[in-house]
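Every read-out reported here was derived from the displayed coordinates using simple, explicitly stated rules and does not represent laboratory data. None of these values were measured; they are calculated from a predicted model. Heads up, the Cβs are rebuilt from the backbone with ideal geometry, glycines too, and the neighbour counts pull from every protein chain shown.
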Amino acid sequence: MDIRQIDENFAVTGQLAPEDIAGVVAQGFKTLICNRPDHESDGQPLYDAVAQAAKAAGLQTYFIPVAGGQITQENLDEMTVALENAPQPVLAYCRSGTRCTNLYGIVQQQKQR
């Protein structure tokens, strides 16, 4: 797991699998946000499998899929609500972490307006 810290309460990583969840919890994360749509690539662990393991480990989970890097206003609104309500710190994942980083950055910019 290559976790990149964006700020003190938000970090991103690439695709997670159910077996990665123990490591996520061990690093102190309280919430997991998935920004990767299911079936984006062959062999990709589905959100429900990852979320089931995460919930069993005590993490709060959110599914806010961003298709192909096309961030919508709905994605921004859902991410804003999730970040306002999520126990911190938060770990978000997609294929590489880039979509999560971009989505988070736009949400932060909108909050400053």
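Just a few scattered comments:
- For the chain, share of DSSP beta bridges that run antiparallel, in % to the nearest 5: 20 percent
- Calculated from backbone phi, Karplus (6.51, -1.76, 1.60) coupling profile of segment 49-66 in Hz, x at Gly/Pro: 5, 5, 5, 4, 5, 5, 5, 5, 8, x, 8, 7, 10, 9, 10, 10, x, 10
- Under 11 Å from a label point set 7 Å out along the Cα-to-Cβ vector of residue 27, the amide N atoms of segment 85-113 belong to 90-93.
- Arranged from fewest to most other beta-carbon atoms within 10 Å of their beta carbon, 36, 4 become 4, 36.
- Packing-based exposure ordering (other Cβ within 10 Å, fewest first) of 30, 55, 111: 111, 55, 30
- Evaluating 6.51 cos²θ - 1.76 cosθ + 1.60 at θ = phi - 60° for every residue in segment 99-113, the Karplus couplings come out as 4, 4, 4, 5, 4, 4, x, 5, 4, 5, 4, 5, 5, 7, 7 Hz, glycine and proline recorded as x.
- Net charge of Cβ neighbours under 14 Å - reference residue 77; Lys, Arg +1; Asp, Glu -1: -2
- The alpha-carbon atoms of the chain define a convex hull whose volume equals 90 cubic angstrom per residue.
- Dipole check for the chain: with +1 at the C-beta of Lys and Arg, -1 at the C-beta of Asp and Glu, and the Cα centre as origin, the magnitude is about 260 Debye.
- Residue order, fewest to most surrounding Cβ atoms within 10 angstrom, among 63, 29: 63, 29
- Helix content alone sets the calculated 222 nm mean residue ellipticity of the chain: runs of n ≥ 4 DSSP H residues at -39500 (n - 2.57) each, divided across all residues, give -11500 deg cm²/dmol.
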